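For reference, the structure discussed in these notes is given below.
The values are calculated or read from the model by the stated rules, or taken from the named source; none is laboratory data. On a predicted model such as this, the values are computed, not experimentally measured, just so you know. With ideal geometry, Cβ positions are generated from the backbone for all residues, glycine too; neighbour counts draw on all protein chains shown.
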Amino acid sequence: MIVTVLVTASCTKVIDVNLKDVPQKTVIQAEILIDSFALVRVTKTAPYLQNSPTPIITNAFIVISDDAGAKDTLDHIGNGYYKGDIIIGNTARVYALDVNADGKDYSATTTIPAGVSFVITGRNYVSAAEANRFHKEGYYPTIKTTLPPGETYYLFKYYKNDTLYVPKGNEGNIFITDSKFIGTEIDGYETPYEYQVGDVARIDIYRITKEGYNFLNDLSAQLNNDGGFFSTPPANTSTNFSNGAVGLFLGGSRETERLTIVP
Amino acid sequence: MRFLILLSFSFWLSITGVLAQQKKHTISGNIKDGKTGEDLIGAVVMVKGTGEGTVTNEYGFFSLTLPEGTYTLVISYLGFGAIEKEVQLTESIRLPFDLLEEVENIQVTVKGEREDKNVTDTKMSAQTLTAEQIKKLPALFGEVDVIKNIQTLPGVAIAGEGNTGLYVRGGGSDQNLILIDEAPVFNASHLLGIFSVFNSDALKSAELYKAGIPAQYGGRLSSLLDIRTRDGNMKKYSATGGIGLISSRLTLEGPIQKDKSSFLISGRRTYADLFLKLSSDPKTRNNQLYFYDVNAKLNFKLNDNNRIFFAGYFGRDVFKFQQAFKIAWGNGTGTFRWNHIFNDRVFSNTTLIYSSFKFSQDLNFGSAQAFNYTTGLAETTLKQDFSFYPNTSHDISFGVAGSYRNYKPGTFSPTTDNSIFKATKLADYNSIEGALYLSDKYKISHRITVEAGLRYVLFATVGPGTAYTYNGEIKKENIRDTIHYSSFQNVQTHGGLEPRLSGRYLINDESSVKVSYNRNYQYIHLISNALSPLPFNMWVPSNQYFKPAIADQVAAGYFRNFKENAFEASAEIYYKNMTNVLDYIDNADLLLNPQIETQVKSGRAWSYGLELFLKKKTGKTTGWISYTWSKTQRQIPGINNGETYYASYDRRHNFNLVVLHEFNDRYSLSGNFVYGTGRPVGLPGARFEYDGYVGAVYPQRNSIRLQAYHRMDLSFTITPRKNKTRKWKGSWNFSIYNVYASKNPWTVLTTTNKDTGNQELTMIYFPAPIPSVTYNFTF
């Protein structure tokens, strides 16, 4: 945040640096959500500054299995995505994912934590006079929920008229939290983004695993890194995959609520 | 215990040895600035024609013991006239004080400190700046900053723009013992590092030791920066100040009772943000970015043998951005000292010190998302130091010290009724420390002088507190048990001997060779894995998981003066090995983590280098050139796959040029040029895509070097002629920071181009050039 302010106050210039090559790695984006089939995307890393798209792997062999003996081979459905059609996510099972890509095997396991239901209680209005850089003029839907006890982890996604609110890329924000500093009764939590009259605000709250939180937290740190001046030194993301793959096998439950903004 | 016996034995041996010698007498006294009554530190007292001599200590006191006879003493100090005084030594005498004033008035040639001090002193790897010298340093943003100037000395690496951190001989910014009137300052930066906390108007002297740290001091691995404030004018009231674009400052001083007691109070405030109040935008008016600080000192001469001082410093920084966030931090220190002269040869100083550092951060993104976070530490120390001058061959100092520290690693609290956050407080850490030291500067012959010291510290982390035990590797998943400690219950004890040794061999009157070996222990650790000393800043004591860090350093140097001491030159080499140095695991979770030991690994760091220094001390043009070649690396199991990597402040070449030129008594120009190899950073080698986000794959830690850092600053001072006849003396200072607008990377971000969607590297740099005007005055 300090950096955001200083960037505004200082000068910026795009520079050319000879970056170090790192060996190409397989990237696996995998998830199994409650009441859903597994969805996996397999790609590869690309040199950081080249504008070529990241290579897609379309011939990977992917199997998801659970601790009750069920097995499901995922089919390629295009653009590097693979989908299952047998196993449906359930909080009672432990899932294992085995990926064979380019002759190497990668595996990971996950569970699915039970979802947390919530309601949108209303919206707060921030007038032009009250607004600031981090709190712009508009309507902010508010959330009420009760969190389960113990260490729990969440991912939030905000949509405006069913379009994910922020552009992603390198500068998007990932909204995640653990329960470390948060009380169990939440009432009045505002969305980080503003909506205007007529917008449909959609909020998805995913309860996710600890491994999922760790990976997304590391990815978020990369997106917000300032080169180690105020932030921690940049580092690679953690993973629950074996054998050097980059990515995450995420288990989670999703709850969705909507609110149409009226004056 | 064996050490204690050894220490007392060697001490009594030296005293009894002295007493058994022939009939001798002692000349002692204080040397003062005759105009202000200010004690002069490091003034030189020489016995003409003998080569014998001494320098005044931190309180202006000296003692010289000589056989009966008649001597001529030559007393000198930089910027003052040297004087000669004949003494008949038939009994021990105390010299009258105001020596220098008389001579200065009759316009005797102005001489410096002992002119060949560079060559003759046993001190190496050390630099002293006196008040007179500090005043003449280049001013930036209208102010002379001692720390900024120290950064131009050899062996001190620059961290980059807007950072007053000192990186001395491969040491981190937490490895410097920075003392103001003997009180440690835990964070010496103001305004996110643009200014340091030291107001030059209040300073008497600043001395930096990169090695050869006296046994009296310890607790940090890499350097000692000993800053002393002025005592205040004992003769008359006076005011000094400056009004500038960015900040203003005012110092008032004077006698409480003439020649017996005095006061000094000095304050500063920046007011860049006051201009924001003029803005038409109410939100901009609501931003704050300022600091203020106050130095105050009282000193009372009770009688010839007793003197007491009270000194205090308090400073605060505030950085507030609209209603969204506010950070505030600052140091507070207080020192009480009692100087007592037991007899002509034994000088005692009793010191009670308090120092604290506090940091707080408020965030508010809507009423449910508001919290406050605070961290800090406080230290109380009681010290008893003795200087003993048995004869002209020995300068002995010894003493004891005890400290208590309380560390507050973090308190997190919701700031609104409906905040989603819950209050969380980490258990405090507490530690007690006892130190004992003995040091002797022994003049073996005209050519050889040796300074040998030994320091012993016993350090204990004590309750109340909470600690965790682990099964196997220290990871959160492996926590076995939680242990609660009661008040002053011992958690873990550490300790060790710290030998300090330095020697000088005088080759001839103009050149010498010096060597030194130092061992230093550091028992407190800064947990801050960003390069900037802010915002995250938390100290923890050595305990069962953090072992004290140990540095062993050897250094050797050749010192040579030219042209009748007008030029000083030196070449030094050093090797420093540091063990139990901390670094942080990848993606370390440091915020309010009760098991901070799970986020940290310890290992070895080492540094070596060559430092060249050439200084011109006299004439219309003065200044210095310094060049340092150095290499600083670390190897820590569990970090960077256990492979060696460069410290983030490692710079292969550092070059500094500082020039001051006095055209005449009206105009003077000063400038400096800085060059440093780019610092190593972590930048990604590859990217990956995850759910639409662009992630990065990093090669080894700190494996990419940023472009070189270079900059030139200029400062021009105009002193009106009418000053000579008036009580009110004013001068104008115009300065330009980064004259040729060099774009030095402050940091580099990975960004996505908004138009093309491609990844880019974006450098952030300070706007430049930054001009500044200040009107300085004194009356």
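Residue count for region A:131-143 under the criterion of being closer than 18 Å to A:TYR189 by Cβ and at the interface with another protein chain (Cβ under 10 Å from one of its Cβ atoms): the result is 5.
Checked against the criterion of being at pLDDT below 95 and within 14 Å of chain A (Cβ to nearest Cβ), region B:544-562 has no qualifying residue.
Yes/no per residue for (1) modelled with pLDDT of 95 or more; (2) over 29 Å from B:VAL119 (Cβ atoms); (3) not aromatic (Phe, Trp, Tyr):
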residue	(1), (2), (3)
B:TYR584	no, yes, no
B:GLY609	yes, no, yes
B:GLN635	yes, yes, yes
B:GLY638	no, yes, yes
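Taken as a whole, region B:431-454 holds no residue that is within 14 Å of chain A (Cβ to nearest Cβ), of a type in the set (Phe, Trp, Tyr) and crowded, with 17+ Cβ neighbours inside 10 Å.
Each row is one residue, and each column tells you yes or no for (1) within 30 Å of B:SER238 (Cβ to Cβ); (2) of a type outside the set (D, E, K, R).
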{"residue": "B:VAL694", "(1), (2)": "no, yes"}
{"residue": "B:VAL697", "(1), (2)": "no, yes"}
{"residue": "B:GLN700", "(1), (2)": "no, yes"}
{"residue": "B:SER703", "(1), (2)": "no, yes"}
{"residue": "B:HIS710", "(1), (2)": "no, yes"}
{"residue": "B:ASP713", "(1), (2)": "yes, no"}
{"residue": "B:PHE716", "(1), (2)": "yes, yes"}
{"residue": "B:THR719", "(1), (2)": "yes, yes"}
{"residue": "B:SER731", "(1), (2)": "yes, yes"}
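When A:VAL116 is tested against (1) touching a strand residue (DSSP E or B) at 6+ places or on another chain (Cβ under 6 Å); (2) outside any strand (DSSP E or B); (3) within 11 Å of another protein chain (Cβ to nearest Cβ), exactly one condition is not met: (3). Note on region B:181-232: residues that are assigned to a strand (DSSP E or B) and over 26 Å from B:GLY495 (Cα atoms) amount to 12.
Return the only residue of A:ASP226, A:ASP218 being surrounded by 16 or more Cβ atoms within 10 Å (Cβ to Cβ), assigned to a loop (DSSP other than H, G, I, E, B) and acidic (Asp, Glu). On inspection, the qualifying residue turns out to be A:ASP226. Contact annotation: residue pairs with Cβ atoms under 6 Å, 6 or more positions apart or on different chains, pairing a residue in region A:11-25 that is within 7 Å of another protein chain (Cβ to nearest Cβ) with a partner that is part of a loop (DSSP other than H, G, I, E, B) and small (Gly, Ala, Ser), are A:LEU19/B:GLY685; A:LYS20/B:GLY685; A:LYS20/B:SER703; A:ASP21/B:GLY685; A:VAL22/B:GLY685. Checked against the criterion of being over 23 Å from B:ASN349 (Cα atoms) and at pLDDT 80 or above, the candidates B:GLU91, B:GLU115 yield just one match: B:GLU91. Those strands (runs of 3 or more DSSP E) of region B:672-720 in which 2 or more residues are small (Gly, Ala, Ser) and either within 10 Å of chain A (Cβ to nearest Cβ) or crowded, with 23+ Cβ neighbours inside 10 Å (or both) occupy B:693-697. Cβ-Cβ contacts under 6 Å between residues 6 or more apart (or on different chains), taken from a first residue in region B:430-456 that is outside any strand (DSSP E or B) to a second residue that is of a type in the set (A, V, I, L, M), are listed as B:ARG447/B:LEU506. Can you find a residue that is assigned to a helix (DSSP H, G or I) and at pLDDT below 95 anywhere in region A:240-256? The answer is no, given that none of the residues of region A:240-256 is assigned to a helix (DSSP H, G or I) and at pLDDT below 95. Residues that are in contact with a Lys or Arg (Cβ under 9 Å, 6 or more places away or on another chain), acidic (Asp, Glu) and either at positive phi or assigned to a loop (DSSP other than H, G, I, E, B) (or both) within region B:28-78 comprise B:GLU38, B:GLU52, B:GLU58, B:GLU68, listed in sequence order. Taken over region A:210-260, the criterion of being away from every other protein chain (no Cβ under 11 Å) and acidic (Asp, Glu) is satisfied by A:GLU211, A:GLU255, A:GLU257.
Considering B:ASN656, B:ASN738, B:ASN640, the condition of being touching a residue at least 60 places away in the same chain (Cβ under 8 Å) and at positive phi is satisfied by B:ASN640 alone. Applying the condition of being buried (at least 21 other Cβ atoms within 10 Å of the Cβ) and within 24 Å of B:LEU458 (Cβ to Cβ) to region B:358-380 and asking which residue is modelled with the highest pLDDT yields B:GLU379.
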